[in-house]
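Have a look at the structure below before the remarks.
The values are calculated or read from the model by the stated rules, or taken from the named source; none is laboratory data. Computed from a predicted model, the values in this text were never measured in an experiment. Positions of Cβ are backbone-derived with ideal geometry, glycine not excepted, and every protein chain shown enters the neighbour counts. Accessible surface areas use protein heavy atoms only, side chains included; no ligands, DNA or RNA. Shrake-Rupley method; radii C 1.70, N 1.55, O 1.52, S 1.80 Å.
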Amino acid sequence: MASLLVAAALLWLVAAHRVRAARGPAAVSWGRSALFLAGLGTIAVALESPVDAGAATRFSVHMVQHLLLALVAAPLLVLARPLTLTLQASTPATRRRLVLLLHSRPLALLGSPLVAWGGFALVMWATHFSPLYEAALANPGLHALEH
């Protein structure tokens with residue numbers, strides 16, 4: 001997991017540098033980069049620190065882990081606007097295809113606040129009030145998939 005987080009950070013920094021070089025320093029603010037890196041840092045704390053080890057034995061720590069991922073890391077990453085950076089760093093042809101995909105009906109439906117919140121609530125309920133919770137505690141691969 002740590003290598004994926006480092007790769008994501010490097011990918012962000014390289015893309016931001018390229019966009020700043022091509023479009024000026026205001027194209028990608030340092031604040032956006034800080035938000036993205038803080039989001040990745042929060043994921044690292046949740047999944048690569050003693051929080052992860054404690055989550056296997058204590059439900060309260062397990063829930064802190066999920067709160068870090070869902071209520072801290074996710075908003076930080078969204079506020080960084082990674083899709084905007086992706087579009088800025090893309091070639092015009094790729095940008096056109098991405099914009100068409102992003103404006104498609106299925107993604108518009110999945111991205112609507114009501115559907116997104118309902119999916120979040122359903123996943124949290126299904127993974128914590130069903131046999132899946134105990135299964136995820138016993139199986140590290142399933143627990144990683146849950147995250």
(message) If I ask for residues that are out of contact with any Gly (no Cβ under 7 Å at 6 or more places or on another chain), among the hydrophobic types (A, V, I, L, M, F, W, C) and without any contact (Cβ under 8 Å) to a residue 24 or more places away in the chain, which ones from the stretch 35-62 would you list?
(response) Val45, Val51, Ala53, Ala55, Phe59
(message) Checking Thr86 against (1) open to solvent by 50 Å² or more (accessible area, probe 1.4 Å); (2) modelled with pLDDT of 95 or more; (3) in contact with a helix residue (DSSP H, G or I) (Cβ under 9 Å, 6 or more places away or on another chain): exactly one of these is not met. Which one?
(response) (2)
(request) Go through Gly141, Gly54 for me and flag whichever is open to solvent by 30 Å² or more (accessible area, probe 1.4 Å), on the phi < 0 side of the Ramachandran plot and not aliphatic (A, V, I, L, M). (result) Gly141
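Let's see how each residue does on (1) modelled with pLDDT of 95 or more; (2) under 20 Å from Met1 (Cβ atoms):
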site: Ala34; (1), (2): yes, no
site: Gly39; (1), (2): yes, yes
site: Ala44; (1), (2): yes, yes
site: Ala73; (1), (2): yes, yes
site: Ser104; (1), (2): no, no
(request) Only residues that are outside any helix (DSSP H, G or I), farther than 20 Å from Trp12 by Cα and within 19 Å of the chain's Cα centre (by Cα): list them for the stretch 80-134, please. (result) Gly111, Ser112
